[in-house]
1. Pairs please, first residue from the range 90-117 and touching a residue at least 40 places away in the same chain (Cβ under 8 Å) and of a type in the set (S, T, N, Q), second anywhere and in a helix (DSSP H, G or I) and open to solvent by less than 60 Å² (accessible area, probe 1.4 Å), Cβ atoms under 8 Å, 6+ apart in sequence or on different chains.
2. Of all residues in the range 329-351, which are open to solvent by 30 Å² or more (accessible area, probe 1.4 Å), of a type outside the set (Phe, Trp, Tyr) and at negative phi?
3. I need the full set of residues from the range 331-361 which are over 22 Å from residue 76 (Cα atoms) and part of a helix (DSSP H, G or I), in order please.
4. Could you grab the pairs with beta carbons closer than 7 Å, sequence gap of 6+ or different chains, first residue in the range 199-225 and over 11 Å from residue 237 (Cα atoms) and open to solvent by less than 20 Å² (accessible area, probe 1.4 Å), second one modelled with pLDDT under 85 and not in a strand (DSSP E or B)?
5. Name the pairs: first residue in the range 123-135 and on the phi > 0 side of the Ramachandran plot and touching a residue at least 40 places away in the same chain (Cβ under 8 Å), second residue assigned to a helix (DSSP H, G or I) and open to solvent by 80 Å² or more (accessible area, probe 1.4 Å), Cβ to Cβ under 8 Å, at least 6 apart or on different chains?
6. Out of the residues in the range 253-272 that are more than 26 Å from the chain's Cα centre (by Cα) and exposed (fewer than 15 other Cβ atoms within 10 Å of the Cβ), state the one that is modelled with the highest pLDDT.
7. Sort out which residues of the range 106-142 are part of a loop (DSSP other than H, G, I, E, B) and open to solvent by 20 Å² or more (accessible area, probe 1.4 Å), and write them in order of number.
Amino acid sequence: MDGIYELNYHISMKKILFKKLLYDCLIFFLVALTSASIIIWVFQAVNFLDIMIEDGRSYKIYISYALLNFPKIISKILPFAVFFSFSYVLAKYEMNNELIVFWNNGVDKINLINFFVKFSIIITVVQILFTTFVVPKSQEIGRTFIRTSDIDFLDSFIKPKKFNDTIKDLTIYADKKDEDGNLENIYLKKGGDDNFQITYAKRGRFETKGNTKILALQDGQTINGANNKITNFNFSKFDLNLANLSSNTITSYKTQELSSKKLFLCAKNLTQNITKNFDKEKVITLNCNFKNLDNIFKELYKRLIIPTYLPILITISLILIIKSKESVNYLNYRILIFLLGLLTIIFSEASIKFIGDDLFKNIKIFILPIVIFLILYSSIFYNLRLKFKL
């Protein structure tokens, strides 16, 4: 009975110790991830002010677009936050002699490593779901906000003595602008080189009549050019309709904003049609063409494969438990592990450069994280077993 009681005691203690260590790692991880993401988001949000100030968008569009970029920031910060958090907590446990409690209660180092490897798979799945569904959807919604929004602050981006071409197919210049928004010596050009309208006016100001935005001009002349014919007329008052304007901001969908399902089906269709000698410029669906195939593979790699480096990062942090703080050059050992993890993060991001439009060559890069993990885990397992035998 004593043997059974002691066995149950050790099993119960192992569960408590594992949960405590995991809890500490997760808390530190969540704090580090949230703090770093918010700091980076604030700096990025400042850059997005151009959307409102120079592009004439509303505060609502600016805030919505900025918030929708937060998931992307989290997905980028997460690998470093995972590695840093687990490494820090494990090093702290070792320095405070808390890991000794594990070893004294019959916890085998390889069992602790296996426990965290299993947990790393859960984090990997969560990250894949995040990069596959949440991030692309938030990017798509953000682009939709920009594409469908109106230019609300027309007068805000008009700077005296500067040509402004923020609005698509419209260039505006004003010699002076007072505090009330009144403009003097105004030049406007609408259209291109073949079909255009050039307007000069001595005075003007932006106004709203009903739901329509206009530029009320006074004392000027309009020159129209179409089909190699020039016409002009003078006016004392002229209301230039500025409704339905769009800016020069890129509003078309990017590959990174397409859903993972569309990208997967696109890659499948393109790779199947390569052998049929299809036109390399042929477009099957939005952004789905042979010319863009390498970018499609890169985007799928970024969403599905790069997150699989997370088990490698957690396993690298677990190397800290192999040596105790009493070992010679323990500080150098910790620095080496940190550099190894940092290099792994850099390599995982840089490896996307090796992705091309050849699926079979890409497969070698796709399976690389699995190969690295197996080599790393086997080395740790062999090292621990060798020490145990000695």
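The values are calculated or read from the model by the stated rules, or taken from the named source; none is laboratory data. Bear in mind the structure is a predicted one, so any value in this text is a computation, not a measurement. All Cβ positions, glycine included, derive from the backbone under ideal geometry; neighbour counts span all protein chains shown. Heads up: the accessible areas ignore ligands, DNA and RNA and are worked out on the full protein's heavy atoms, side chains in. Shrake-Rupley method; radii C 1.70, N 1.55, O 1.52, S 1.80 Å.
1. 105/10; 105/13; 105/17
2. Of everything in the range 329-351, those that are open to solvent by 30 Å² or more (accessible area, probe 1.4 Å), of a type outside the set (Phe, Trp, Tyr) and at negative phi turn out to be 331, 332, 334, 335, 336, 339, 340, 342, 343, 346, 349, 350.
3. If the condition is that a residue be over 22 Å from residue 76 (Cα atoms) and part of a helix (DSSP H, G or I), then 331, 332, 333, 334, 335, 336, 359, 360, 361 are the ones that fit.
4. 214/242; 225/195
5. none
6. Applying the filter and picking the extreme gives 269.
7. 106, 108
Every residue, every condition in (1) at pLDDT 90 or above; (2) closer than 22 Å to residue 112 by Cβ; (3) in contact with a Phe, Trp or Tyr (Cβ under 9 Å, 6 or more places away or on another chain); (4) open to solvent by less than 60 Å² (accessible area, probe 1.4 Å), yes or no:
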{"position": "274", "(1), (2), (3), (4)": "no, no, yes, no"}
{"position": "279", "(1), (2), (3), (4)": "no, no, yes, no"}
{"position": "290", "(1), (2), (3), (4)": "no, no, yes, yes"}
{"position": "297", "(1), (2), (3), (4)": "yes, no, no, yes"}
{"position": "327", "(1), (2), (3), (4)": "no, yes, yes, yes"}
